[in-house]
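**Student:** Okay, here's the structure, questions in a sec.
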Amino acid sequence: MTGFEPQIVAFCCNWCSYAGADLAGVSRFQYPPTARIIRIMCSGRLEPQFVLKAFELGADGVLVAGCHLGECHYISGNERAKERVARTKELLDVLGVDSRRLRLEWISASEGIKFAKTMDEFTKQLIEMGPSPLKGEA
Amino acid sequence: MASETAAVMVVGGGIAGVQCALDLAESGFKVYLVERKPAIGGVMAQLDKTFPTNDCSMCILSPKLVEVGRNPMITLMTLSEVVGVEGAAPNFTVSVKKYPRYVREDRCVSCGKCAEKCPSKVSNEFDRGLSQRKAIYVSYPQAVPLKYSIDANNCLFLTKGRCGNCKKVCPADAIDYEMKEVVEKVHVGSIVLAPGVETFNAKLKREYGYGEYKNVLTALEFERMLSASGPYEGHVVRLSDNATPKNIAFLQCVGSRDKTVGNPYCSSVCCMYALKEAIIAQEHTPGLKTTIFFMDIRAVGKEFEDYRARAEKEHGITIHRNVRVASIQENPESKNLNVLYMSPQDVVNEEFDMVVLSTGLVASPEARELAKTLGVELTSYGFAKTSIYSPLSSNVPGIYVVGAFSAPKDIPQSVAEASGAAAKAGSHVYKNRIKVKAEEVPEIDITGQEPKIGAFICDCGNNIASIVDVPAVVEYARTLPNVVLAEESKYTCSADFQAVIKQKIKENHLNRLIIASCTPRTHEPLFQSTIKEAGLNPFMLEMANIRDQCSWVHMHEPEKATEKAKDLVRMAVAKSRLVEPLKAASFPVNHSALVIGGGLAGMTVALDLAAQDFHVDLVEKEAELGGNVRKVYIEDEVTGASVASDLASKIGSNPNINVHLGTKVKNITGFVGNFTVEMEKQTFKVGAIVVASGAVEYKPKEYFYGQDPRVMTQLELAHRLDKGPLDAKVVAMIQCVGSRSPDNPMCSRVCCTAAMKNAIKIMKHNPQALVYVFYKDIRTYGLKEDLYTEAARLGVVFIRTREEEMPELIKEGDKLLVSSDDITLDGHVHLKPDLVVLSTGIRPNPDNEELSKMLKVPLSKDGFFLEAHMKLRPVDFATEGIFLAGLAHWPKTADETMGQASGAAARAMTILSRDFLEGNAAISFVDESKCRGCGRCEAICPFTAITVTEVSPGNAKAKVNPALCKGCGACEVACCNGAITCKHFTNDQITALVEACLEGVSK
């Protein structure tokens, strides 16, 4: 379908991914304006309910981004984020939402380019997948 | 006798002076900051962007200027000049002449009415003459202090007794034509000189026609042209006809590396700023092609080589190497410029629409005068004379020199040295250190109040406003719930705007504030202090990141960027409505430090800390102190080994330093002011940590290294030369072995200089020797250029190889044979050397990974430690209380290492000198009425901050230790009863953000 612009909610940890997103800006790496970033201190702060809420309200995709494994500012928060995202994906499948709509990435403070690329790829992927089935139901 | 007050004078209000003043003030010293101009900021304030991150220069500088303006420990003396000094450290009496501003600083409200009515227009030096200003003026909108001043030479009243308009219109009665110059005597214990440099007068290179041809600009003029807040609002135009150029040539080494103008040295920064200006110009001007004429590309700093590669490959900038342009001729009709130069094949005459001259840095007459006044010795080039092993000291005890005053250098090095000078200067007066206690503005109680939100949407000059429709965002913000005030602001971070914010908070009884501008990671602390001064709790601030994460990344989609900015503001409002005041607990600070690594950097840090009576635990994994410097050859009289043993013996006899040899740190826990360090045999506490873990020499696998004794590294050669002359007659040196290669693209910074030193030594031992250097660029930046000149004078032969092709080394029978293309002569060279010397690069310490995990601090993609900010926080980590110095940060020379190490010591002392630090207020809180004491939170907390204890028989509750909790929020997620709230990032707040983000989406 043409003209479909996915709506992405991105949860970024303060120390790595949010900084990576800033670096993308400082470096002027361009990416589609499809995402809105919500800053959380740690990816381990992610409640599955935040993700579910986002889909319930019509998000087409949710990105969770944290420090690389082993580099979490809070030691192991990203490992828990990984478990929770896996669990939430299962829930999404049950709800009939393709679990690829929830994406987990490790993006460090020096990876501005990776942040921009992730946004690019995820946007393209969601365009291919089309609007979320929950869209318009709320 | 120690001076009674702990006061230091800093002369020069550029970035180096500013950083030095702030570090001193933060460590409990009174500072007099003396600046000749009406405002501080220096050259950095004039720059558009800074390499290699392309950060907006003003955006990162402004918070520091604001901080100088408001720090009660700093007395800012503008329009002032040091005219005399008496006494010696720690009892200097400095005479400071204060020139009249003719505007009373205490009255001026910087409304600008005076300048509006001033009839006298003069060339604006801040814009390098590209615009005009009035005779009464402020240098730039973010100037500190933001006070008008009258330029007496151009004021009609002061020169001819006519006019007087400004006095008539000034609503604050601030104009005072009677002001006279006064000389004030200031008593200080030590002095730091940071007078900076000026740029080379391009008119002296007559062959380039600067001043005559309108379309020939200097780089600093071009910088002002590129600046969004400059006279052309970032539009690149030709001055002859205001047309947009299709191509621009940049000429390097104008007034540098040039004996004919008396400046044989390299200016260090021009290669990088030319690349930057070319990239930015192309970004600003669709279709523009830029060409840079380099002699050598000196991209020696952290991640500079990547920047260079991107400029060529991604931005398509045309790069000529080994070219000094002979002359420029203007086409009298088109005003285009014919650039004449030699290519390897031919003489070329190429036409360009515009030419930018990369003018070098030269010592300013003011700096020379200052040096004379203070008896500070200068080199023949007019830079302050320092020694390699005391890079910050002048010849006068107690007077220190920093920044480009001692040699041309870039901003990060100037900033690190400026901190370093703070450590040195503080050592004369530390006994009278003042315990800093901020004046607290009583907090307004907002309990029970309905949210009243004020929102400022920042233009950021043009950084935001050129993409995002800011007035539309402001209009939109006004429609949002609880927003009682929404306004556009040009530079929200400027000093004067902080006063505006405070006033608006008072006038409108705001209890919450939103700043939609840049990233909270850099600017939240500034705005938090501002609202704190207005009586609001700092947590009542929310920021919407509409620049770094919006206007800068959606530059080609202004409408969508505007929509996104509206969404981000709506989200900020949603959270703002739910934020609550938080109070942090304060914790005692442990006054000792841990230094990891006993090399040159670590030893310097330890001695600087110990000099101010702080206890240091210095940990070295090897059996003795010294590290890499022991292997380095410095100058004829000084070996690295002698320096290392000298420092080691000073450390050995210093009662403040406890050395741990042959051991490593096992684990580190805790937080700023209160770290716990576990070693094999003991555990101790420290308040700050400095990582100085060094780096390693690359051991090549190529070029028969290790297989043939005639192949060695430069370090090995230096060691060999210490023992006497070589037998070898023909020596081939191969540069960039293991650097600037596909698997390790970084430049190791020091190898070119090391090669020059060894080559000179060989030639001095045996003038008949033949030394050939195979290189891509000779990177003897700054004053190291003298070594290159000397080597060439002694007859060393330089062969420039291709960027992507290393010389080949094969064996013909028993003979070694080097062969390579020579791009200067457009030919091929074969050589049978007796000795092959490999200039091997520096690689990160393999221990870095383990250390980085232990300390939770990041590494850069090259494997070195990554500082908090490459430009302005070169020795800090983003994690508070942990600092960085030496090769662990990036390859550097011994003097650079020592300057930077002193900087790390100074930064650590901003923590160690305090008795108390405020902890984090945004931490977890347990609602005991909901807690069932299940212990999930205790199990999940990575910092053992939560313990579940019985409060009454059979009734357990979780308790948070505020000193240990870091606010990650893991416990809130783990709690199944909703009993834990992680403050400032609560479930309600984050849910509100999600809702606001998607408002209207599904309908």
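**Student:** Each residue of the stretch B:942-948 in order: what ³J(HN,Hα) in whole Hz does its phi give by Karplus 6.51 cos²θ - 1.76 cosθ + 1.60, θ = phi - 60°, with x for Gly and Pro?
**Tutor:** These are the phi-based 3J(HN,Hα) values: x, 10, 6, 8, 10, 10, 9 Hz.
**Student:** If r is the Cβ-Cβ distance from B:ASN322 to B:ARG104 and R0 is 51 Å, what FRET efficiency results, to the nearest 0.05?
**Tutor:** Details: r = 57 Å, r/R0 = 1.12.
Computed FRET efficiency for B:ASN322 and B:ARG104 comes out at 0.35.
**Student:** Something else: What percent do you get for the relative contact order of chain B when only Cα pairs under 8 Å and 6+ apart count? Before the final figure, lay out each step's value.
**Tutor:** On the way: 2324 pairs, mean separation 111.9, N = 1003.
Here the relative contact order equals 11 percent.
**Student:** Under 18 Å Cα to Cα from B:LYS650, which lysines show up? Leave out anything in the same chain fewer than 8 places away.
**Tutor:** B:LYS424
**Student:** On to the next question. When the Karplus curve 6.51 cos²θ - 1.76 cosθ + 1.60 is applied with θ = phi - 60°, which whole-Hz ³J(HN,Hα) does each residue of the stretch B:751-768 get, with x for Gly and Pro?
**Tutor:** 5, 4, 4, 4, 5, 4, 4, 5, 4, 4, 5, 4, 5, 6, 5, 9, x, 7
**Student:** On to the next question. Which one of B:ILE434, B:ILE946, B:ASN124 is farthest out on the positive end of the charge dipole of chain B, using unit charges on Cβ (Lys, Arg +1; Asp, Glu -1) and the Cα centre as origin?
**Tutor:** Value computed over the given set: B:ILE434.
**Student:** Something else about it: Using a 1.4 angstrom probe on heavy atoms only, work out the carbon and sulfur share of the accessible area of the protein assembly as shown in %.
**Tutor:** Values: 22040 of 43080 Å².
That fraction is 51 percent.
**Student:** Return P(r) of the stretch B:800-943 (all Cα-Cα pairs; 5 Å bins starting at 0; whole %; ordered from short to long distances).
**Tutor:** Each 5 Å bin holds this share of Cα pairs: 2, 7, 11, 11, 10, 9, 9, 10, 9, 6, 4, 3, 3, 3, 2, 1, 1, 0.
**Student:** Three principal axis extents, largest first, for the C-alpha atoms of the stretch B:345-490, in Å?
**Tutor:** Rounded to whole Å, the extents work out to 67, 66, 27 Å.
**Student:** Which whole-number percent gives the relative contact order of the stretch B:711-842, counting Cα pairs below 8 Å spaced six or more residues apart? Each step should come with its number before you reach the end.
**Tutor:** On the way: 240 pairs, mean separation 47.3, N = 132.
Over the stretch B:711-842, the number comes to 36 percent.
**Student:** Filter B:LYS723/B:LYS776; B:LYS113/B:LYS583; B:LYS621/B:LYS811; B:LYS372/B:LYS490 down to the pairs with a C-alpha to C-alpha distance above 32 Å, please. The partial results should precede the final answer.
**Tutor:** Details: B:LYS723/B:LYS776 30 Å; B:LYS113/B:LYS583 42 Å; B:LYS621/B:LYS811 40 Å; B:LYS372/B:LYS490 42 Å.
In this structure, B:LYS113/B:LYS583; B:LYS621/B:LYS811; B:LYS372/B:LYS490 exceed 32 Å between Cα atoms.
**Student:** Next question, about the same structure. Mind checking B:958-970 for the average number of partner chain beta-carbons within 10 Å of each residue's beta-carbon? Before the final figure, lay out the partial values.
**Tutor:** Working: counts 0, 0, 0, 0, 0, 0, 0, 0, 6, 5, 16, 9, 11.
Per residue, the average neighbour count from other chains is 4.
**Student:** Aspartates and glutamates within cross-link reach of B:LYS506: Cα-Cα under 13 Å, excluding same-chain residues under 8 positions apart?
**Tutor:** B:LYS506 reaches B:GLU443, B:GLU533.
**Student:** Okay, moving on. Okay, helix-only estimate at 222 nm for chain B: each DSSP H run of n ≥ 4 adds -39500 (n - 2.57), divide by all residues, round to 500 deg cm²/dmol; what do you get? Don't skip to the end; give the middle numbers.
**Tutor:** Details: 24 runs with 261 residues, N = 1003.
Computed ellipticity for chain B at 222 nm equals -8000 deg cm²/dmol.
**Student:** Normalised by the number of residues in the stretch B:453-576, what is the relative contact order in percent for Cα pairs under 8 Å and 6+ residues apart? Spell out each step's value before the answer.
**Tutor:** Numbers: 220 pairs, mean separation 40.4, N = 124.
Relative contact order for the stretch B:453-576 comes out at 33 percent.
**Student:** Still on this structure, I have one more. Per q in 0.10, 0.11, 0.13 Å⁻¹, report the Debye log10 I(q)/I(0) for the stretch B:453-576, using one uniform scatterer on each alpha carbon and no solvent.
**Tutor:** Here the Debye-derived log intensity ratios amount to -0.25, -0.30, -0.43.
**Student:** In whole Å, how far is the Cα centre of the stretch A:55-97 from that of the stretch B:776-839?
**Tutor:** Spelled out, the Cα-based centre of one part sits 54 Å from the other.
**Student:** How many angstrom lie between the Cα centre of the stretch B:226-289 and the Cα centre of the stretch B:160-177?
**Tutor:** Cα centroid of the stretch B:226-289 versus Cα centroid of the stretch B:160-177: 40 Å apart.
**Student:** What is the packing order of peptides B:250-259, B:64-73, B:645-654, A:122-131, taking the mean over residues of other C-beta atoms within 10 Å and listing the highest first? If you can, show how the numbers build up before the last one.
**Tutor:** Numbers: B:250-259: 22.9, B:64-73: 19.7, B:645-654: 14.7, A:122-131: 16.9.
Final packing ranking: B:250-259, B:64-73, A:122-131, B:645-654.
**Student:** Which entries of B:LYS117/B:LYS160; B:LYS452/B:LYS575; B:LYS64/B:LYS892 have Cα-Cα distances beyond 21 Å here?
**Tutor:** Working: B:LYS117/B:LYS160 17 Å; B:LYS452/B:LYS575 13 Å; B:LYS64/B:LYS892 26 Å.
Cα-Cα > 21 Å for B:LYS64/B:LYS892; rest within.
**Student:** What three numbers, in Å, describe the spread of the alpha carbons of the stretch B:1-125 along their principal axes, ordered from the longest?
**Tutor:** 53, 40, 23
**Student:** Also, quick follow-up: Please list, in order along the stretch B:264-278, the HN-Hα scalar couplings obtained from phi with the Karplus expression 6.51 cos²θ - 1.76 cosθ + 1.60 (θ = phi - 60°), rounded to whole Hz, x for Gly and Pro.
**Tutor:** Couplings: x, 6, 9, 8, 6, 9, 5, 4, 6, 5, 5, 4, 4, 4, 5 Hz.
**Student:** B:ASP306 to B:LYS699: FRET efficiency via 1/(1 + (r/R0)^6), r the Cβ-Cβ distance, R0 22 Å, to the nearest 0.05? Each step should come with its number before you reach the end.
**Tutor:** Values: r = 24 Å, r/R0 = 1.08.
So, using R0 = 22 Å, E works out to roughly 0.40.
**Student:** Using only the alpha-carbon atoms of the stretch B:100-178, report the extent along each of the three principal axes, biggest first, to the nearest angstrom.
**Tutor:** 31, 28, 21
**Student:** For the ranges B:390-397, B:815-822, B:952-959, B:969-976, what's the packing order if you count other beta-carbon atoms within 10 Å of each residue, average per peptide, and put the highest first?
**Tutor:** Numbers: B:390-397: 18.9, B:815-822: 17.4, B:952-959: 13.6, B:969-976: 23.4.
Ranked by mean Cβ neighbours within 10 Å, highest first: B:969-976, B:390-397, B:815-822, B:952-959.
**Student:** What residues does the stretch A:71-88 have that are buried by at least 50 Å² of accessible area in the full protein assembly compared to the chain on its own, 1.4 angstrom probe?
**Tutor:** Checking the loss per residue gives A:HIS73, A:TYR74, A:ILE75, A:ARG80.
**Student:** Excluding same-chain residues fewer than 8 positions from B:LYS203, which aspartates and glutamates have a Cα within less than 15 Å of its Cα?
**Tutor:** Here the aspartates and glutamates satisfying the reach criterion relative to B:LYS203 are B:GLU212, B:GLU221, B:ASP258.
**Student:** Okay, next question. What accessible area per residue, rounded to a whole number of Å², is obtained for chain B using a probe radius of 1.4 Å? Please list the in-between numbers first.
**Tutor:** On the way: 38230 Å² over 1003 residues.
For chain B, the per-residue accessible area is 38 Å².
**Student:** Counting only residues 5 or more places away or on other chains, whose amide H sits under 5 Å from the amide H of B:ASP176 once H atoms are built in the peptide plane?
**Tutor:** Long-range HN contacts for B:ASP176: B:VAL103, B:ARG104.
**Student:** Which value, to two decimals, describes the C-alpha radius of gyration of the protein assembly as shown once divided by 2.2 N^0.38 Å?
**Tutor:** Dividing the Cα radius of gyration by 2.2 N^0.38 Å gives 0.95.
**Student:** Measure of size requested: the Rg and Dmax of chain B, with Cα atoms as the atom set and Å as the unit; please supply both.
**Tutor:** Looking at chain B, its Cα Rg and Dmax stand at 29.8, 98 Å.
**Student:** What does the charge dipole of chain B about its Cα centre add up to, to the nearest 20 debye, if the Cβ of each Lys and Arg holds +1 and the Cβ of each Asp and Glu holds -1?
**Tutor:** On the way: 114 positive and 120 negative charges, 272 e Å.
My answer is approximately 1300 debye.
**Student:** What percentages make up the Cα-Cα pair-distance distribution of the stretch A:8-129 when the bins are 10 Å wide from 0?
**Tutor:** 15, 48, 33, 4, 0
**Student:** Next up: Enumerate the amide H contacts of B:ASN845 below 5 Å, restricted to partners 5 or more residues apart or on another chain; note that Pro and chain-start residues carry no placed amide H.
**Tutor:** B:VAL696
**Student:** Determine the distance separating the Cα centre of the stretch B:393-468 from the Cα centre of the stretch B:569-596; give it in Å without decimals.
**Tutor:** 19
**Student:** May I ask which residue of B:VAL696, B:VAL737, B:THR753 lies farthest towards the positive end of the charge dipole of the stretch B:673-770, with charges of +1 (Lys, Arg) and -1 (Asp, Glu) on Cβ and the Cα centre as origin?
**Tutor:** Toward the positive end, the furthest listed residue is B:THR753.
**Student:** For B:HIS660, what residues show an amide H to amide H distance below 5 Å, using hydrogens built from the backbone and excluding near sequence neighbours?
**Tutor:** Result for B:HIS660 returns B:LEU618, B:VAL619, B:GLU620.
**Student:** Report, in debye and to the nearest 20, how large the dipole of the stretch B:894-937 comes out about its Cα centre when Lys and Arg carry +1 and Asp and Glu carry -1 on their Cβ.
**Tutor:** On the way: 5 positive and 6 negative charges, 74 e Å.
In total the dipole reaches around 360 debye.
**Student:** Still on this structure, please answer the following. Which of the listed residues, B:LEU156, A:GLY20, B:ALA326, is farthest toward the dipole's positive end in the protein assembly as shown, when Lys, Arg count +1 and Asp, Glu count -1 at the beta-carbon?
**Tutor:** B:LEU156
**Student:** On alpha carbon coordinates alone, what is the Rg over Rh value for the stretch B:628-713, Rh being the Kirkwood radius?
**Tutor:** Working: Rg = 18.7 Å, Rh = 16.8 Å.
Expressed as Rg/Rh, it is 1.11.
**Student:** Beta carbons within 10 angstrom, averaged per residue: use that to sort the peptides B:301-311, A:33-43, B:663-673, highest first. Mind showing how you got there, number by number?
**Tutor:** Working: B:301-311: 20.8, A:33-43: 25.1, B:663-673: 17.1.
Put in order of decreasing packing, that is A:33-43, B:301-311, B:663-673.
**Student:** Given only helices, namely DSSP H runs of n ≥ 4 each adding -39500 (n - 2.57), what is the per-residue ellipticity at 222 nm of chain A, to the nearest 500 deg cm²/dmol?
**Tutor:** For chain A, the value works out to -13000 deg cm²/dmol.
**Student:** At a probe radius of 1.4 Å, figure out the A/B buried accessible area, summed over both chains, and give it in Å² to the nearest 100. Intermediate values should be presented prior to the final figure.
**Tutor:** Values: alone 7260 and 40610 Å², together 43080 Å².
In total, chains A and B hide about 4800 Å² from solvent.
The values are calculated or read from the model by the stated rules, or taken from the named source; none is laboratory data. Quick caveat: nothing in here was measured; it's all calculated off a predicted structure. With ideal geometry, Cβ positions are generated from the backbone for all residues, glycine too; neighbour counts draw on all protein chains shown. Quick note on the areas: whole protein, heavy atoms, side chains included, nothing else; ligands and nucleic acids left out. Shrake-Rupley method; radii C 1.70, N 1.55, O 1.52, S 1.80 Å.
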